[in-house]
Amino acid sequence: MLPVAARGPGDEDLSIDIAWLGARDARRILLHVSGVHGVEAYAGSAAQLSLLNTPPAIPPDGALVLVHALNPYGMAWLRRTNEHNVDLNRNFLPDTATWAGAPPLYRRLDRLLNPPSPPTRDGFGLRLAMRGLRHGFHAMRQAIAHGQHRYPRGLFYGGAELQPGPRQFCDWLQRRLTSADSVFAIDMHTGLGPHGGSTLIVEPGINAATTAELEAAVAQALIGSAAIPAAYSVRGSLGAALPRLLPGVDLKFVLQEIGTGSSLHVLQALRDENRWHHYGEAHLDHPAKRQIREALCPASPAWRSAAVAHGSDLVYRAADWLFRKKYT
Ligand SMILES: [Zn+2]
């Protein structure tokens with residue numbers, strides 16, 4: 001357990017919880033992370049509970065490591081970001097990185113994305129579409145979601161330094177995975193891709209395996225983060241930090257997205273919740289909070305079953321591949 005200083009809505013303690021199944025000094029590790037984006041943790045958490053009930057077969061030199069809610073504050077408060085409004089999947093930068101600036105197009109969109117007032121019906125969808133026509137939809141999506149360090153109350157804020165939760169997690173990884181020589185890491189998210197579907201995304205420069213090898217391992221096509229219109233490349237992701245944190249390790253990394261609704265619907269929910277958090281009363285009993293929960297963890301039982309099935313299925317496939325042969 002890695003405690004964080006932030007408190008929950010009932011003043012409760014919050015922590016990143018880690019379950020380690022298998023050898024303490026495992027050489028092959030299957031690492032599953034949920035809740036980098038707070039409110040997205042519900043689906044990942046449910047998949048992890050299912051895996052605790054029925055874990056894959058783990059060899060004597062292997063371990064399955066479940067990291068529950070890397071952003072426990074966001075999970076408890078129904079926020080994508082942490083206690084400092086930081087999007088943790090834009091925060092895993094080296095200390096020497098430039099923690100400043102924003103894409104030029106984001107700067108032009110700031111007033112539309114981040115109005116300093118409580119949420120209202122202000123025609124956001126239409127106004128965004130007009131801007132998309134002017135700037136190009138792909139360029140706009142990329143500029144919004146890339147990550148920015150200029151507007152601390154804005155969406156997709158990457159922070160001014162590595163956040164306490166990620167710092168603890170990075171220290172923990174480097175301390176605990178010293179005997180690992182092969183790691184398959186999965187970072188589970190929601191909100192991108194077709195409703196109830198699983199999209200697997202790889203970022204360039206992380207994987208020791210080729211895309212074809214990874215696709216064979218997980219028996220599903222992989223998508224480069226810049227290759228599809230609905231996705232985007234980001235700066236400061238957890239995946240990009242792993243080779244730096246685990247040098248010399250044979251590393252595989254896949255980001256799994258379980259789709260919910262349209263990108264506009266998700267962005268609208270993020271925007272309303274962000275306004276409510278900073279300029280409203282921020283409590284949980286508000287439509288903006290219900291909207292973001294529905295946008296990132298839909299109440300539909302069919303969606304929830306699909307999310308758990310996709311989440312655990314990917315772990316079984318990764319386990320089959322990582323643990324498939326006796327290690328020498
Ligand atoms: Zn996410």
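Pick out, in residue order, every one of the trypsin sites (Lys or Arg not before Pro) in segment 1-37 that is DSSP loop and has at most 10 other C-beta atoms within 10 Å; say none if there are none. Could the numbers behind the result be given before it?
Details: sites: R7, R24, R27, R28; in loops: R7, R24, R27.
Qualifying residues, ordered by number: R24.
Distance from the Cα centroid of segment 233-269 to that of segment 50-78 is 17 Å (rounded to whole angstrom). Compared with the dominant principal axis of the Cα atoms in the chain, helix 164-176 is inclined by about 10°. Of the solvent-accessible surface of segment 83-130, computed with a 1.4 Å probe over protein heavy atoms with every protein chain present, carbon and sulfur atoms account for 58 percent.
Once the C-beta distance of L52 and E281 is scaled by a Förster radius of 41 Å, the resulting FRET efficiency is 0.65 to the nearest 0.05.
Computed on segment 106-202, with alpha-carbon pairs under 8 angstrom and 6+ residues apart, the relative contact order is 20 percent. This model, with +1 at the C-beta of Lys and Arg and -1 at the C-beta of Asp and Glu, gives segment 205-309 a dipole about its Cα centre of some 180 debye. With the simple spin-label model, which puts each label point 7 Å out from Cα in the Cβ direction, the D11 to A309 separation comes to 4.5 nm.
So, for segment 259-328, what is the accessible surface per residue at a probe of 1.4 Å, expressed in square angstrom? List each step's numbers first, then the result.
Working: 3300 Å² over 70 residues.
Each residue of segment 259-328 exposes 47 Å² on average to a 1.4 Å probe.
Remark: segment 29-93 carries 23 Å² of accessible area per residue (probe radius 1.4 Å; ligands, DNA and RNA excluded). With the biggest extent put first, the Cα atoms of the chain measure 61, 45, 43 Å across the principal axes.
At 1.4 Å probe radius, can you tell me the per residue accessible area of segment 104-234 in Å²?
Numbers: 6050 Å² over 131 residues.
Heavy-atom SASA per residue in segment 104-234 reads 46 Å².
Below 8 Å between Cα atoms, with a sequence gap of 6+, how large is the relative contact order for the chain in percent? Walk me through the intermediate numbers first.
Working: 664 pairs, mean separation 79.7, N = 328.
Computed over the chain, the figure is 24 percent.
Of all accessible surface on segment 1-59 at a 1.4 Å probe, what whole percent is carbon and sulfur? Of all accessible area on segment 1-59, carbon and sulfur atoms account for 53 percent. What stretch of the chain, leaving out the sites themselves, is the longest with no GluC sites (Glu not before Pro) in a DSSP loop having at most 10 other Cβ atoms within 10 Å? It runs 13-280. Please report, as a whole percent, how much of the solvent-accessible surface of segment 184-328 comes from carbon and sulfur atoms (probe radius 1.4 Å). Carbon and sulfur: 57 percent of the exposed surface of segment 184-328. Here the dipole of the chain is about 780 debye; that uses its Cα centre as origin and unit charges on the Cβ of Lys and Arg (positive) and Asp and Glu (negative).
The values are calculated or read from the model by the stated rules, or taken from the named source; none is laboratory data. None of the values given here were measured: they were computed from a predicted structure. Virtual Cβ from ideal backbone geometry, glycine too; neighbours counted across all protein chains shown. Ligands, DNA and RNA are stripped out before the accessible areas are found, and what is left, the full protein with its side chains, is counted by its heavy atoms. Shrake-Rupley method; radii C 1.70, N 1.55, O 1.52, S 1.80 Å.
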